[in-house]
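Participant: Let me begin by handing over the structure; questions about it come next.
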Amino acid sequence: MATKESILNKIQILIANHFETPENAFSFFDANSDGKLKKYEIVELLRQAGINGFIRGLVSSKLIDGYDKTGDELIDWTEFKTAIEKIKET
């Protein structure tokens, strides 16, 4: 099973290699342009980052649990930015 560090590294590589800014990545994965990432949108981000299908659902739930500070089970731009900053630290 992938480690937390390897998952975070794959997300960082995806964003760095395919998007000019984290804002562009957020906008790209915000499929319905509502300013929040739903679980299925996070799952798509993980799929494109090369995260195994078996664990994408688990990882997306953990990301929401860890970074959703408003309690709406969605990731808004501020929460996404916090997650990206944390990824860069690892």
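The values are calculated or read from the model by the stated rules, or taken from the named source; none is laboratory data. Not measured: the values here are computed from a predicted model. Note that each Cβ is placed from the backbone with ideal geometry, even for glycine, and that neighbours are counted across all protein chains shown. With ligands, DNA and RNA removed, areas are computed over all heavy atoms of the protein, side chains included. Shrake-Rupley method; radii C 1.70, N 1.55, O 1.52, S 1.80 Å.
Participant: Cβ-Cβ distance below 8 Å, separation of 6 or more or different chains: which pairs start in the range 33-46 with a residue that is without any contact (Cβ under 8 Å) to a residue 40 or more places away in the chain and end on one that is hydroxyl-bearing (S, T, Y) and open to solvent by 70 Å² or more (accessible area, probe 1.4 Å)?
Facilitator: Correct list of pairs: S33/S27.
Participant: Still on this structure, I have one more. Just give me the residues in the range 38-58 being assigned to a helix (DSSP H, G or I), under 17 Å from T78 (Cα atoms) and open to solvent by 20 Å² or more (accessible area, probe 1.4 Å), in sequence order.
Facilitator: K39, the sole residue that qualifies.
Participant: Does the range 11-37 hold any residues that are of a type in the set (D, E, K, R) and surrounded by 18 or more Cβ atoms within 10 Å (Cβ to Cβ), and which are they?
Facilitator: Residues of the range 11-37 that are of a type in the set (D, E, K, R), as a first pass: 20, 23, 30, 34, 36.
Listed by number, the residues that qualify are D30, K36.
Participant: Report, by residue number, each residue of the range 59-85 that is surrounded by 12 or more Cβ atoms within 10 Å (Cβ to Cβ), without any contact (Cβ under 8 Å) to a residue 40 or more places away in the chain and not in a loop (DSSP other than H, G, I, E, B).
Facilitator: S60, S61, K62, L63, I64, G66, Y67, I75, E79, T82, A83
Participant: Give me the residue from the range 15-49 that is over 11 Å from the mean Cα position of the chain (by Cα) and hydroxyl-bearing (S, T, Y) and, out of that set, modelled with the lowest pLDDT.
Facilitator: Here is the first cut: in the range 15-49, the residues over 11 Å from the mean Cα position of the chain (by Cα) are 16-21, 23-24, 27-28, 31-36.
Of the ones still in play, those that are also hydroxyl-bearing (S, T, Y) are 21, 27, 33.
Values: T21: 93, S27: 97, S33: 96.
Among those that are over 11 Å from the mean Cα position of the chain (by Cα) and hydroxyl-bearing (S, T, Y), it is T21.
Participant: As an exercise: evaluate A31 against (1) part of a helix (DSSP H, G or I); (2) within 13 Å of L74 (Cβ to Cβ) and give the number of the one condition it does not meet.
Facilitator: So the condition that A31 fails would be (1).
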